[in-house]
Each structure stands twice: as C-alpha cells, then as structure tokens.
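Right, one structure below, let's go through it.
Bear in mind that the values in this text are calculations on the coordinates, not laboratory data. Computed from a predicted model, the values in this text were never measured in an experiment. Virtual Cβ from ideal backbone geometry, glycine too; neighbours counted across all protein chains shown.
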Amino acid sequence: MSESSTASPPPTADTTSPTILALRDVRAAYGSIEVLHGITIEVPTGSVVALLGPNGAGKTTTISVASGLMPVTGGALEIAGQDVTGVGATELARAGVCTVPEGRGVFPNLTITENLLMASYTGVERNEIRDLAFARFPRLAERRDQLAGTLSGGEQQMLAMARALSTDPVILMLDELSMGLAPKIVGQLYEQVAAIAADGVSVLVVEQFARSVLGVADHAVVMAHGTVQWSGAANDLDEDLLTSTYLGGP
C-alpha cells in the first residue's frame, strides 16, 4: 500500500500559522517496544528549537515521526495547524518538511554541484539552486567541482544543508548537526542556522551537546527516556538541569 493511500495528502503549509510543527501527546514504538511516551513538542514559525537530551532519549525517533518516516501509535502530528497524522514522508516533503539526517547523507562520488542539482526534481531552476547555495555557503562555491566524499565534515554538512534549503522548506530538521566537527566549524554552522530562521524557515535541531545550539535557539526541549522533561524559552533552561541530569557532565 502506498503512503498516500493511508491518509489524505496534507494541504500546503501556511507559514503565517503561529506553530509550523506540533507533536501532540505522540506515542511511537519499534514493534512492541514503545519508545515515545506521549510527547508534546511545538515549533513556532520562524524560530529555532533545540531538541536536547542524552543518547537514547528519543530525539532521533522524534525527528523520524515528524518527517513521516515512522508512524505514530497515539497522539497527533500537525503541520501549520493541519492534522497530518498518518501522512507519509513523500507527502510531508511536498508540504515543506525537510530533514538533514545524522551522517549528512551526501553523495560522495558526485561533485558539490551535482549533489545540489539532485534537488532540481522539485521544479526549482538549476541556476537558482546553485546561486542560493553558493551565496549562503561561499566555501562550497570555491569547491564546486570537488567530489563530496573528499570534503571535510563541516563542508559536507554545509552541502547537506544547502541541498535541503534548495527544496524551499517551511521547516528544516537537523539531526546532530555538530557531530564530529570542530567547535569553530560548529559555530559557523549555527550562525547559518540563525540566518535560515531569520529568513522565515523554522528549524528543529537535535543535539546531544546543548551548548552548541543554545546560543542561537529561541526555544528548547529536553528529553529523556522517551518523554519531555522540560520545555520553554532557551534562555530559561537551567544549567544544572543540563549538567547534572541530562547531559552527564560539563
């Protein structure tokens, strides 16, 4: 059975909605083992939301549910106020939900330019894709003919983000953006995250290391054991909560 046969396709996302993405009392399971136990998370339009917590907290599963890659077993998924529970990944992508997975997912044997042009199937002009990507990430322009597999980790992350943005998403979800990268590169990437949100694209960032993202986040959600332990303004997140309870140290 196709994804679209199980539920009606979602309407075009309304970016004037105050909340672009919402998981409401969502439950999800791998087989008989429930891994999300009724979580509620909202991503306001045009904001950066940091999804924090230790390994095994349920962060990546949350991203999978929000992108339609994993079904919910309870609760509801909403895009711009519209219930899209049960809608598959293809339809959600068409509605503007875009994910950069952990590990970046670039095509290593294609050049930077060829990787970018893989997104042209969405109908965006090739020149526009290149121009937007190279304007936001000048380093990619300098290496446009280089094979993606020979790029540094930070450059691959830039490429993955540039390719995702070429699809004109309403929400961009980034899974472990800082993994394996030097602090200086992480800081540069998060400067771009802030700029992306300023341009009107909502961003949900999964991070194990909170300090990497809190400098640009508007809101934060702390997860542990498949539940939401805390949510609110990023500036209100207590340092002791991060250090002693969830992230296991400074």
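If you take the alpha carbon atoms of the stretch 138-250 and fit the smallest convex hull around them, that volume is 123 Å³ per residue. Derived from the Cα gyration tensor, the three semi-axes of the equivalent ellipsoid of the stretch 51-114 are 25, 18, 9 Å, largest first.
Taking a span of 15 Å or more along the helix axis (Cα atoms) and a mean Kyte-Doolittle hydropathy of at least 0.5 as the rule, the DSSP H helices of the chain that qualify are 183-198. For the pair D131 and Q229, label points projected 7 Å from Cα toward Cβ lie 4.8 nm apart. With only alpha-carbon pairs counted, each pair once and no self-pairs, how large is the Kirkwood hydrodynamic radius of the stretch 17-170 in angstroms? Taking the inverse mean of 1/r over all distinct Cα pairs, the stretch 17-170 comes out at 16.8 Å. Summing Cβ point charges (Lys, Arg +1; Asp, Glu -1) relative to the Cα centre of the stretch 121-176 gives a dipole of roughly 140 debye. The alpha carbons of the stretch 9-98 occupy a box of 36, 26, 20 Å along the principal axes, longest dimension given first. Length gained on full extension, H37 to L69: 9.7 nm, using 0.36 nm per residue less the C-alpha separation. Each of F137, F107 has some number of other Cβ atoms within 10 Å of its Cβ, and from fewest to most they run F107, F137.
If only the Cβ of Lys and Arg carry +1 and only the Cβ of Asp and Glu carry -1, the dipole of the chain around its Cα centre is close to 540 debye. For the chain, modelled as a GNM whose springs connect Cα atoms under 10 angstrom apart, the maximal fluctuation among T61, T45, T150 occurs at T150.
Entry note, the chain: the mean residue ellipticity at 222 nm calculated from DSSP H runs of n ≥ 4, each adding -39500 (n - 2.57), is -7500 deg cm²/dmol after division by the residues and rounding to the nearest 500.
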